[in-house]
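A.B. asks: Got a structure for you, written out below as structure tokens; questions coming shortly.
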There are 2 protein chains.
Amino acid sequence: MTATEIIGLLAASLTTAAFFPQVIKTVKSKSTKDISLPMYSLMFAGTVSWLVYGLLIFDLPIILANGISSIASFVIFYFKFREVLHHKKAAK
Amino acid sequence: MTATEIIGLLAASLTTAAFFPQVIKTVKSKSTKDISLPMYSLMFAGTVSWLVYGLLIFDLPIILANGISSIASFVIFYFKFREVLHHKKAAK
């Protein structure tokens with residue numbers, strides 16, 4: 001494995017792992033006031049697009065990293081969306 | 001441009017654009033209670049690693065997307081870190 005490949009794998013591992021502390025914090029606290037709904041809408045759509053791209057070029061690191069990231073970003077999106085719905089209901 | 005390339009560019013645009021609504025929300029509200037510090041530490045380290053990887057293989061989309069994402073994730077990291085420091089000082 002070349003140094004460049006190692007840096008690429010490190011990069012993919014870091015940006016994939018990054019979602020986990022946020023998922024754990026959000027699932028535990030269920031508080032999403034400071035989290036941006038458009039961020040996680042775009043991030044979910046983006047990681048799913050990366051996953052499709054990875055499947056099309058059959059690149060395993062892209063498939064794995066974005067398979068995991070799309071699930072993680074969906075979980076955060078779900079909790080934020082639930083809070084937004086709840087606030088709309090409460091405002092009625 | 002092939003359909004696969006278009007999906008790749010769409011994916012890169014979406015995951016890069018995703019950070020902006022969060023940056024705007026965080027800079028405006030300066031409230032980061034629900035945001036995870038380890039997420040943005042890892043995301044900043046990860047996007048900088050992707051940037052280095054892009055420079056090594058000289059891939060312009062990777063360079064552009066991660067140059068932008070690393071600045072955006074640093075801004076969110078900075079506001080969260082400032083809040084954590086402030087709370088530590090207040091607790092003394």
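The values are calculated or read from the model by the stated rules, or taken from the named source; none is laboratory data. Worth saying up front: this structure is predicted, and the values here are computed from it rather than measured. Quick reminder, even Gly has a Cβ in these numbers, built from the backbone with ideal geometry, and neighbours come from all protein chains shown.
A.B. asks: Please work out which one of (1) within 17 Å of B:Gly8 (Cβ to Cβ); (2) at pLDDT below 95; (3) more than 11 Å from chain B (Cβ to nearest Cβ) is the condition A:Gly67 fails and give its number.
C.D. replies: (2)
A.B. asks: Quick check on my filter: what residues within segment B:1-22 are surrounded by fewer than 20 Cβ atoms within 10 Å (Cβ to Cβ) and within 9 Å of the chain's Cα centre (by Cα)?
C.D. replies: B:Phe20
A.B. asks: Name, by its number, the condition in (1) under 16 Å from B:Ala11 (Cα atoms); (2) buried (at least 17 other Cβ atoms within 10 Å of the Cβ) that does not hold for A:Leu55.
C.D. replies: A:Leu55 satisfies every listed condition except (2).
A.B. asks: A further question follows. Can you find a residue that is loosely packed, with under 15 Cβ neighbours inside 10 Å, of a type in the set (Val, Ile, Thr) and at pLDDT 95 or above anywhere in segment B:26-37?
C.D. replies: So far as segment B:26-37 goes, yes, one or more of its residues are loosely packed, with under 15 Cβ neighbours inside 10 Å, of a type in the set (Val, Ile, Thr) and at pLDDT 95 or above.
A.B. asks: Do we have any residue at all in segment A:45-63 that's modelled with pLDDT under 95 and out of contact with any helix residue (DSSP H, G or I) (no Cβ under 9 Å at 6 or more places or on another chain)?
C.D. replies: yes
A.B. asks: Among what's in segment A:1-39 and is facing another protein chain (nearest Cβ under 8 Å) and not in a helix (DSSP H, G or I), pick the residue that is farthest from A:His86 (Cα to Cα).
C.D. replies: Only one residue tops the list, namely A:Ala18.
A.B. asks: Could you list, in sequence order, the residues of segment B:67-85 that are over 13 Å from B:Pro21 (Cβ atoms) and under 8 Å from the mean Cα position of the chain (by Cα)?
C.D. replies: Within segment B:67-85, B:Ile68, B:Ser69, B:Ser70, B:Ile71, B:Ser73, B:Phe74 qualify.
A.B. asks: Report whether or not A:Phe20 is closer than 21 Å to B:Ala65 by Cα and at pLDDT 95 or above.
C.D. replies: So A:Phe20 fails the test.
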